[in-house]
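Take a look at the following structure, please.
The values are calculated or read from the model by the stated rules, or taken from the named source; none is laboratory data. None of these values were measured; they are calculated from a predicted model. Note that we place each Cβ from the backbone using ideal geometry, even for glycine, and neighbour counts take in every protein chain shown. To get the accessible areas, we keep the full protein, side chains included, count just its heavy atoms, and leave off ligands, DNA and RNA. Shrake-Rupley method; radii C 1.70, N 1.55, O 1.52, S 1.80 Å.
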Amino acid sequence: QVQLVESGGGLVQAGGSLRLSCTASGIFSSINVMGWYRQAPGKQRELVATVTRAYDTNYADSVKGRFTISRDNAKNTVYLQMNSLKPEDTAIYYCSLMTRVYEYWGQGTQVTVSS
């Protein structure tokens, strides 16, 4: 059974920073992509950023230049450093681990940015 456990969410003022972490446990393919998605109230879940085991990254246009995704393969952990946060970044952030056959999700962590 694969579990993803997130941490690091919270309340921050606009312009501030937060760092999210997500650690995967269990048995899963070493060929995988880890990432972060977010869902704001009344909106669909959207991609924030992804990173492959080879450290190739992909970002949503809305976070480019402000957010940085990274991973530690030895720890099966993915990080999301969020700088210059804006009120529109407020959402529940979900960690994802995607293999060739399945995508696993964390329980989500709330990020609230006050103006």
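Under the Karplus relation 6.51 cos²θ - 1.76 cosθ + 1.60, θ = phi - 60°, what is the ordered set of whole-Hz ³J(HN,Hα) values for segment 77-89, x standing for Gly and Pro?
10, 10, 10, 9, 8, 10, 10, 6, 5, 10, x, 6, 7
Segment 80-115: which chymotrypsin sites (Phe, Trp or Tyr not before Pro) are DSSP loop and have at most 16 other beta-carbon atoms within 10 angstrom?
Sparse-neighbourhood loop chymotrypsin sites (Phe, Trp or Tyr not before Pro): TYR102.
Right, here's the next one. What is the ratio of the Cα radius of gyration of the chain to 2.2 N^0.38 Å, where N is its residue count, to two decimals?
Taking N as the residue count of the chain, the ratio is 1.01.
Round to the nearest 10 and report in Å² the accessible area of ASP61, as given by a 1.4 Å probe over the protein chains' heavy atoms.
For ASP61, solvent-accessible area is about 120 Å².
So if each residue of separation counts as 0.36 nm, and I subtract the Cα-Cα distance between ARG100 and LYS43, what length gain in nm does that give?
Gain in length upon complete extension: 17.8 nm.
Which whole-number percent is the relative contact order of the chain (Cα, under 8 Å, 6+ apart)?
Value for the chain: 36 percent.
Provide the FRET efficiency to the nearest 0.05 for the LYS75-SER114 pair, computing r from the beta carbons and using R0 = 30 Å.
Approximately 0.40, to the nearest 0.05.
Using 0.36 nm per residue of separation minus the Cα-Cα distance, give me the extension gain between SER30 and GLN107 in nm, one decimal.
In short, 25.5 nm is gained.
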